[in-house]
Amino acid sequence: MQDYKKPIKMIDLAAEYQLYQPVLQEKIIQVLAKGNYINGDEVALFEQNLAHYLDVKHVISCGNGTDALQIALMALDIGNGDEVIIPAFTYIAAIEVVCLLGATPVLVDVDPVYFQMDPKALESAISKKTKAIIPVHLFGQCANLAEILQLAKQYQIPIIEDNAQALGSKYGIQEEPKFLGTFGEIGCTSFFPTKNLACFGDGGALFTNDDALAEKIRMIANHGQKEKYQHEMVGVNSRLDTLQAAILNFKLNHLAQQLSTKKQLANQYLKELSGLKGLILPQAFKESLHTWHQFTIQVAAKDRDPLKSFLSLKGIESMIYYPKAVDQQKAYQQYHQQLPIAKKLSSTVLSLPIHALMLPEEISYVCNQLKYFFNAQN
Ligand SMILES: *Cc1c(COP(=O)(O)O)cnc(C)c1O
């Protein structure tokens, strides 16, 4: 089989820049020329634009997605003696900020099909000390919100949605679908360059429909002050740069289109790979709009590394999200629990390239290589 003419990357940030270069350069130069690098007009404008897009009352921007999670916990006064429930198969940010604030993370397992927090495991982890639940909408897919929201209501525990990987994804429970990040008390996101809506550096935001929480979040992100030099509470310094806000204002206009292209590419993967023995395809949760932040297959543990090497030889990049369950990380070993599914997934998952500038023929090339790999085995 002939190799593809160029390497196939997980994401191609430089190509995206090339595509929008004339407009983006103009926007960047405008910010540079105006001189308001911190809290310039573009920041407030972006907060408004994103709030409008998500149909949420308040968007408060901040320095990055990890800060957003930390600020959310601070806004809910979470600290020493409090427990926060987190899925065990996710990026490290959530557990990190829980620990930084002196609270206790309680890890729960995920389900083997959708990779999301398992509501049954969640319910058995709830205690009198539980002060927040952080469902992570992993890989662009929604967590099992119907059940999680029901439990949160029953036990009166606030939800902080980690929506770093699923901005633009939706979920509908009986009614009109709504954007992820707008179901819990607070939603958090990241604009890291590989995320659904990405800037050219670090950036993040929090969403809420609660006026009082919004005000508190804004104060915390700004050194605990509302008025300059009146510090009413302990805060942090976490801001979205004016430059990044200008970039995001432009890119937000293209988000819906990019997500719809990615959906088509994901459907192509699903179609071309259907029935292939040796791998398990990802599934979209019903009543959800999956945005395919990652297209993650599962293979036998023995096949995973050979497959990754084989793809690499064929010029195809692939990534392992995540190579360890959270409690298998040295820093968080003390929070170890029986988490069989998270542990198993860490040795069987492989994420394939998917991004809005990928071509259908590139997806086909990846699929053909996968077919070659697995058919040669069987
Ligand atoms: C990227 C990510 C974060 C952190 O975002 P940063 O902007 O890199 O701090 C948090 N949670 C999840 C699930 C992520 O994927």
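The values are calculated or read from the model by the stated rules, or taken from the named source; none is laboratory data. If you're wondering where the values come from, they're calculated on a predicted model, not measured in any experiment. FYI the Cβ positions are ideal-geometry reconstructions off the backbone, even for glycines, and counts take in every protein chain you see. Heavy atoms of the whole protein, side chains included, go into the accessibility calculation; ligands, DNA and RNA do not. Shrake-Rupley method; radii C 1.70, N 1.55, O 1.52, S 1.80 Å.
Restricting to region 291-317, name every residue that is within 21 Å of Ser364 (Cβ to Cβ) and in contact with a Gly (Cβ under 8 Å, 6 or more places away or on another chain). Correct list: Trp292, Gln294, Val299. For region 348-378, the set of residues classified as buried (at least 19 other Cβ atoms within 10 Å of the Cβ) and aromatic (Phe, Trp, Tyr) consists of Tyr365, Phe373, listed by residue number. Of the residues making up region 304-314, none is closer than 24 Å to Ala121 by Cα and either at pLDDT 95 or above or not aliphatic (A, V, I, L, M) (or both).
The helices (runs of 4 or more DSSP H) found wholly in region 50-158 and carrying at least 3 residues that are open to solvent by 10 Å² or more (accessible area, probe 1.4 Å) and under 25 Å from Lys344 (Cα atoms) occupy 119-125. Inside region 166-190, residues that are among the hydrophobic types (A, V, I, L, M, F, W, C), more than 12 Å from the ligand (Cβ to nearest atom) and outside any loop (DSSP other than H, G, I, E, B) make up a count of 2.
Quick grid of which residues meet (1) at pLDDT 95 or above; (2) over 16 Å from Asp202 (Cα atoms); (3) out of contact with any His (no Cβ under 6 Å at 6 or more places or on another chain):
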residue	(1), (2), (3)
Ile217	yes, yes, yes
Gly224	yes, yes, no
Glu227	no, yes, yes
Val234	yes, yes, yes
Leu240	yes, no, yes
Leu243	yes, no, yes
Ala246	yes, no, yes
Leu259	yes, yes, yes
Lys262	yes, yes, yes
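Here the condition is being under 27 Å from the mean Cα position of the chain (by Cα), outside any helix (DSSP H, G or I) and not basic (Lys, Arg); of Ile11, Ile28, it holds for Ile11 alone. Per the listing Leu265, Leu270, Leu259, Leu248, the residue uniquely touching a Phe, Trp or Tyr at 6+ places or on another chain (Cβ under 6 Å), within 26 Å of Glu16 (Cα to Cα) and not small (Gly, Ala, Ser) is Leu248.
Residues in region 32-49 that are part of a helix (DSSP H, G or I), in contact (Cβ under 8 Å) with a residue 60 or more places away in the chain and hydrophobic (A, V, I, L, M, F, W, C) were compared, and the one that is surrounded by the fewest Cβ atoms within 10 Å (Cβ to Cβ) is Leu32.
Of all residues in region 126-143, those satisfying the criterion of being within 12 Å of the ligand (Cβ to nearest atom) and not polar (S, T, N, Q) are Ile134, Pro135, Val136, His137, Leu138, Phe139, Gly140, Ala143.
Can you run down the residue pairs with Cβ atoms below 6 Å, 6 or more apart or on separate chains, where the first is in region 125-144 and over 30 Å from Ala266 (Cβ atoms) and the partner is assigned to a helix (DSSP H, G or I) and at pLDDT 95 or above? From region 125-144, the pairs are Ile126/Tyr155. Per the listing Lys302, Lys314, the residue uniquely open to solvent by 30 Å² or more (accessible area, probe 1.4 Å), out of contact with any Leu (no Cβ under 7 Å at 6 or more places or on another chain) and free of Cβ contacts under 8 Å to residues at least 60 places away in the same chain is Lys302. Could we say that Pro193 is assigned by TED's automatic domain parsing to the domain that holds Asn49 and away from the ligand (no atom under 16 Å from the Cβ) here? No, not satisfied.
Does region 268-277 contain at least one residue that is surrounded by 14 or more Cβ atoms within 10 Å (Cβ to Cβ), at pLDDT below 95, closer than 30 Å to Gln369 by Cα and touching a Cys at 6+ places or on another chain (Cβ under 8 Å)? So far as region 268-277 goes, no, none of its residues is surrounded by 14 or more Cβ atoms within 10 Å (Cβ to Cβ), at pLDDT below 95, closer than 30 Å to Gln369 by Cα and touching a Cys at 6+ places or on another chain (Cβ under 8 Å).
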